Ligand SMILES: [Zn+2]
């Protein structure tokens, strides 16, 4: 079995590594319970650990390793915790959109969708003082209408889909792909209430992520981690993240980039037509 790289990264690097954080806090809970009596505070408090504590631990780790990451921030989080978003900006990380109250895009109409993008963009740009370019949909669901809205609002990339494990084009927009294996929530998220599966050990998650990183090196893929401060900000999980960073840093043929840098690289070096050719090769077409 050959391991011909399916994607070429700058300066001959074998793989691209990007760390992303969906700064949800309590917003998914607020969206999920919007129509019911919300006089409970258990899960709210669990989630507020993110903007209160988790975010600062993460920023410390990133600073220590001189890594620039991407934070996708719901508008309401910027409204409620401006000091946390200011801390992200102060450390020169990228900020991207992630709904206003973490609205699932398949549960809102086009008018509401437009509002969530415009309002969140304004709120974040008031803090960052520069244009916000990236979008990650809440819960990673997408519709063609969302891509149309991204273009209307001048956003330049999306990071919500899994069609490849390197950047690709979707509806005329660069896609910086995520994947469930590289999401902390499926391993760690636990909110009680009779949930059957206990959270997994950080050392096990480290191994899974390290194996996927090693695999992606052979294919020239994008290793894009998605973490949540309320989940990954817990002590033993922060330690596992540091261990993973240390492991990847032992290699010198890695392109560390923010999601925006990955998207910009793709736009510049892979025009749509070129990508079609690459797809045919992947599928054993005329170029395979
Ligand atoms: Zn989210």
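The values are calculated or read from the model by the stated rules, or taken from the named source; none is laboratory data. It should be emphasised that the depicted structure is a prediction, and the values quoted were computed from it without experimental measurement. Here the Cβ is made from the backbone with ideal geometry for all residues, glycine too, and neighbour counts use every protein chain on show.
Observations, loosely collected:
- Inter-residue pairs, beta-carbon under 6 Å, first under 20 Å from residue 214 (Cα atoms) and in segment 156-181, second at pLDDT below 95 and surrounded by 18 or more Cβ atoms within 10 Å (Cβ to Cβ), 6+ apart: 166/7
- Considering residues of segment 24-43 that are within 16 Å of the ligand (Cβ to nearest atom) and over 22 Å from the mean Cα position of the chain (by Cα) only, the residue surrounded by the most Cβ atoms within 10 Å (Cβ to Cβ): 43
- Subset tally (residues that are within 23 Å of residue 52 (Cα to Cα) and away from the ligand (no atom under 16 Å from the Cβ)) for segment 193-247: 11
- Contact map, segment 89-108: first residue under 15 Å from residue 29 (Cβ atoms) and within 16 Å of the ligand (Cβ to nearest atom), second residue modelled with pLDDT of 95 or more and part of a strand (DSSP E or B), Cβ cut-off under 7 Å, separation 6 or more or different chains; pairs are 98/22; 98/72; 98/73.
- Any chance residue 265 is more than 16 Å from the ligand (Cβ to nearest atom), out of contact with any strand residue (DSSP E or B) (no Cβ under 7 Å at 6 or more places or on another chain) and at pLDDT below 95: no
- The criterion of at least 2 residues that are touching a strand residue (DSSP E or B) at 6+ places or on another chain (Cβ under 9 Å) is met, among helices (runs of 4 or more DSSP H) falling completely within segment 30-131, by 55-64, 75-80, 82-90, 110-128.
- Residue match in segment 191-213 (condition: touching a residue at least 24 places away in the same chain (Cβ under 8 Å), under 14 Å from the mean Cα position of the chain (by Cα) and within 23 Å of residue 14 (Cβ to Cβ)): no
- Only one of 202, 144 that is on the phi < 0 side of the Ramachandran plot and loosely packed, with under 13 Cβ neighbours inside 10 Å: 144
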